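Working notes, beginning with the structure itself.
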Amino acid sequence: MVYDSVYEANNYLRSGVESESGTSSQTSTNSQRSIKGTSRQRLAQQFNTGHVLVGGNPTKVTWYMCKEGSPTGNVTAHIRTSAGVEREQSTTLVDSSSLGLIGGGLVAKEFTFTGNTILATGDMITAEFTGGSNGNEVQLSTDNTGAVTNSVFRQYTPTTWSDISGEALKFIVNYTTSYPDVRKQHFWEWFSGDTLNNRWTTGTGNGSPTYAMDNSADGGFKISLGATGNYRGQIHFNGINQYSPTSSVTIGVYKFGGTLDDDEIDVGLSNSLDIPLSLGDCALGGSREQSSFMYLTNSTGGTQTNTASTVASDINYHSHKVECTTSNVQYSVDGVSAATNTTTRPTLKMQPYIGVRNNHPTTTSVNIRYFEAYNT
């Protein structure tokens, strides 16, 4: 299909993506392991390259459990990185005191997730319990006749993760997998005409930012801030997050109109509607406070990393490209690689974002005349 206008393409983009549902399970059992606050607090199944769950969005995990003695407190399920950093906690809790006693069989208990977290290589789905004591424990069903292919059984006792070889939890994971059609996800904007296209939402910002088409040759759209510190302004898609954290590209042609080492510009993808962007997930190019170089900024779940490029900041137009992959976030300026970061990569879907902030009492602006975003 060929689009005659950006508006038509954007309407098609908003129609969503195709997805399918599935389950992954290990249902053999001949043993069990306990979790309790005084020693082992977490059991986990880690999923590695080649496992069907990698790249999927878990919506529910089922563990098989019972109790020993009289434990108190809730059992929870979590999605964690390979280092144990929490990415999501289940919306479902199970009261340990309500479980059946050991000897009466281990019963399936379901824990629900939002379905918004894309499982990355090495991520774990865990069962966790910090209550109880010796003799007052939660037991989980396991199988010790062999490991699950492309998966590792792990334990946390209680400050260190370690592998348990030749064994696996009994589990069922329900998940969805999205298959974005590039045509549905390809967006571009020339920022021409008299007004900003209504697909964009202007942020409430701080300090009454000015949003207007710039009445100059190739001026594009301009966000301007007054001469008071910590003013900010931004435009975005108002929470319509359609771009992948692991397979997407943004290209922006823009220029900075502030004090180079005092203020900042952020252009790319984000699921946050405001600065500070470390509140959410993002992958952005631009400039940063107290630096004379252009920067790559990316974050996940509130943890942000700023990576200085080798390109000096200036007040001229440049073409900035930010690409999210399964292993890193890449930033290039005018077609030349400028920075790469492998940590705090975004994990949630994001939206186009263009923002500016003055960190000191100086006037600041950004002019953008082209923006493009697509899933690869």
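Where a number appears in this text, it was derived from the coordinates with a stated rule and is not lab data. The structure displayed is predicted, hence computed values, not measured ones. All Cβ positions, glycine included, derive from the backbone under ideal geometry; neighbour counts span all protein chains shown.
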Distance between the range 280-345 and the range 76-95 - C-alpha centres, whole angstrom = 30 Å
When only Cα pairs under 8 Å and 6 or more residues apart are kept, what is the percent relative contact order across the chain?
-> 19 percent
Relative contact order (percent) for the range 182-375, with alpha-carbon contacts under 8 angstrom and 6 or more residues of separation?
-> 33 percent
Between LEU348, LEU284, LEU106, find the one with the highest GNM mean-square fluctuation for the chain; connect C-alpha pairs within less than 10 Å.
-> LEU106
Relative contact order computed over the range 19-179 (Cα-Cα under 8 Å; 6+ residues apart), in percent | 43 percent
Set of lysines with alpha-carbon distance to LYS321 below 16 Å, sequence-local pairs under 8 removed = LYS255
In vacuo Debye sum over C-alpha of the range 19-179, base-10 log of normalised intensity I(q)/I(0) at q = 0.12 Å⁻¹, listed in q order, is -0.46
Size of charge dipole - the chain - debye, nearest 20, with Cβ of Lys, Arg +1 and Asp, Glu -1, no other charges | 840 debye
HN-Hα J in Hz across the range 29-45 - Karplus 6.51, -1.76, 1.60, θ = phi - 60°, x for Gly and Pro | 7, 8, 7, 7, 9, 9, 10, 6, x, 7, 9, 6, 9, 9, 10, 8, 10
Which of GLY100, PHE256, LEU296 sits closest to the plus end of the dipole of the chain, meaning its Cα is farthest towards the positive end, when Lys and Arg get +1 and Asp and Glu get -1 on the C-beta?
-> GLY100
Residue of TYR331, TYR353, TYR317 that the Gaussian network model of the chain assigns the largest fluctuation, springs spanning Cα pairs under 10 Å = TYR317
Give the cross-link partners of LYS109 among the lysines, using a straight C-alpha distance below 19 Å as the criterion and excluding same-chain residues fewer than 8 apart.
-> LYS36, LYS60, LYS67, LYS170
Cα-based Rg of the range 303-376 normalised by 2.2 N^0.38 Å, two decimals | 1.22
When the scattering of the chain is computed by the Debye formula from its Cα atoms alone, each counted once and equally, what is log10 I(q)/I(0) at q = 0.06, 0.11, 0.13 Å⁻¹?
-> -0.29, -0.80, -0.97
